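Input: a single structure, listed below in structure tokens.
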Amino acid sequence: MSDPNERSSELERKLELVVKTGLQLTNSFNLEAIVQSATDAGLQLCGARFGSFFYNVFNEAGESYLLYTLSGVDREKFADFPMPRNTQVFAATFDGTGTIRSPDITKDPRYGHNSPSHGMPNGNLPVRSYLAVPVKSLTGEVLGGLFYGHEEVDVFQQSCETLVAAIAAQAAVAIENTLLREQLNRKITDLQHTQDVLKNGHKRLGQLAAIVESSDDAILSKDLDGTITSWNNAATRILGYTADEIIGQSILTLIPPELHSDEPIIIGKIRAGERIEHFETTRLAKSGRRLEVSLTVSPIRDENGTIVGASKILRDISRQKRLELSLLQAEKIAATGRMAATIAHEINNPLEAVVNLLYLVRPTIGNPDGIGYLDAAENELDRVSHIAKQTLGYYREHTSALPTLVNELVRNAITVYEPRCSASEIVIEHQLESCRTIVLRKGELMQVISNLMANSIYAMPDGGTLILRTADIDAPKSGVLLSVEDNGHGIPPEELPHIFEPFFTTRDTIGTGIGLFVAKQLVESRGGAIEVKSCTDPDSRGTTMTIFLPAGTTYASQ
């Protein structure tokens with residue numbers, strides 16, 4: 001029988017270990033350190049050959065993983081031991097129903113009932129004495145279990161069970177505190193992230209609001225019933241309504257009656273999540289004036305992704321449409337005039353031949369009546385010739401010449417061709433430095449600029465840069481220089497001498513050969529000059545057309 005003093009001293013040592021372990025667990029917030037300390041302390045308290053602590057952890061997705069620590073044995077020796085399953089032996093511990101202390105687990109009625117081993121699994125350390133204590137939170141949740149074993153029988157006494165249970169209780173509190181701390185840290189992190197997102201969101205919203213309010217285009221929104229819900233400053237400037245007047249009104253207020261049927265179609269596309277881009281139509285201003293506009297309509301979604309309305313960007317293209325129409329009419333007139341001039345030229349040649357023949361026939365006719373008929377024929381031919389000569393000048397403009405800023409006409413041309421250039425990925429740049437007023441006919445110069453810009457666009461089918469420049473010069477003559485430059489494919493050297501010839505073109509399917517011919521005639525008839533520089537070398541290819549318009553232009557006779 002052992003000495004009572006020794007038993008008392010051993011008990012004091014174990015109680016001291018329980019207290020020391022409890023303090024250690026309380027001050028630790030590392031889960032692995034807590035369970036390892038608890039496992040080691042339990043091993044010393046019960047005198048087991050080896051011990052383990054199996055415990056549950058959860059990842060961010062809420063999935064459970066069973067981990068463990070070991071005491072008294074190298075982890076390598078435990079490598080072949082399978083994770084404990086909810087067998088009859090382990091069930092009581094993992095279910096939290098109670099502690100199991102067995103002097104010989106192999107004799108326990110719960111032992112050996114589970115396949116495939118029906119006993120000790122292969123690779124398991126030999127166990128006879130067995131002690132398993134559940135680790136439960138204050139709410140009764142099973143956090144894990146402390147398991148101890150010894151190859152000899154009847155090693156673990158009642159005092160061991162009590163002491164290990166105390167360690168298990170302390171470990172449960174420490175584990176729960178650690179898990180709560182981790183949850184709190186995650187919530188703080190999530191809250192900080194949410195605050196950052198909200199802060200950035202408010203900043204972006206402020207930036208978007210500033211962009212909307214400073215936009216030159218009208219930007220408005222509506223719900224799926226067609227009620228206007230927002231309205232920017234540009235919308236007031238273009239359409240005339242203030243935000244207070246129009247918000248809450250139907251979008252049909254802005255749509256001409258004959259186009260009301262378009263609105264259900266637009267709403268239907270928005271409900272389907274479609275975006276409508278550059279839809280050209282007509283809208284009504286507050287004054288009743290009709291505006292030609294280009295609309296881009298996009299769905300608006302709430303925080304759940306549900307479509308709740310639509311945003312509209314409205315651009316007034318009325319002026320652009322008028323300029324396009326004017327240019328189209330000018331081009332038609334020029335083409336028609338050139339065709340008429342060509343026909344007249346072809347008619348005039350045989351007319352002169354007929355007059356000459358009549359002159360030669362006159363001496364051979366002695367009958368006065370015959371002479372009279374010849375005179376009448378010559379008079380009629382003279383009249384036809386005069387008509388033909390008039391037709392030769394048909395394509396020229398006969399409106400009054402007026403003082404004009406060349407920069408103004410260049411800007412108008414840029415406005416007309418900018419959408420076409422954007423669609424072709426062509427960037428328009430301009431350096432308009434002229435301040436001089438030139439007396440000219442606006443339609444003629446617009447036709448010249450239009451022809452040159454159109455040629456440059458056709459020369460850049462894969463995109464490029466189009467540069468327009470103006471400058472005032474005083475030497476060798478006073479006037480204005482206008483240049484149109486592109487980095488297109490260029491004009492081959494052998495074709496350069498012919499580009500101003502009528503009907504000469506490098507565009508077989510769409511070119512008429514009229515544009516540069518007419519441009520040269522219009523410029524030179526006003527005392528100006530036009531020249532071209534072009535290169536087809538891949539490193540520096542491109543074409544530059546330069547026009548000189550003299551100040552105080554004197555128009556040549558028509």
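Quick note: the coordinates plus some simple rules give every number you see, no bench work behind them. Given the structure is predicted, the values throughout are model-derived calculations rather than measurements. Glycine gets a Cβ as well: all are built from the backbone with ideal geometry, and neighbour counts include every protein chain shown.
Tabulated results
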{"read-out": "Simple label model, 7 Å out from Cα along Cβ direction - Thr106 to Leu184, nm", "value": "5.0 nm"}
{"read-out": "Relative contact order, percent, segment 428-494 [alpha-carbon distance under 8 Å, six or more residues apart]", "value": "39 percent"}
{"read-out": "Additional length obtainable on full extension of the chain from Ala243 to Leu325, 0.36 nm per residue less Cα span", "value": "26.2 nm"}
{"read-out": "Where labels lie 7 Å past Cα in the beta-carbon direction, separation of Arg411 and Gln157 in nm", "value": "10.6 nm"}
{"read-out": "Set of segment 125-163 residues, backbone N closer than 13 Å to the point 7 Å along the Cα-Cβ line of Lys20", "value": "none"}
{"read-out": "Length added when fully stretched, Thr306-Glu418, from 0.36 nm per residue minus Cα-Cα", "value": "36.7 nm"}
{"read-out": "Within-12-Å neighbourhood charge of Gly96 [Cβ basis; K, R +1; D, E -1]", "value": "-1"}
{"read-out": "Using a Förster distance of 22 Å, the FRET efficiency for Asp262-Asp462 (Cβ separation, nearest 0.05)", "value": "0.05"}
{"read-out": "Estimated distance in nm for a label pair at Ser287 and Cys435, the labels positioned 7 Å out from Cα along Cα-to-Cβ", "value": "3.2 nm"}
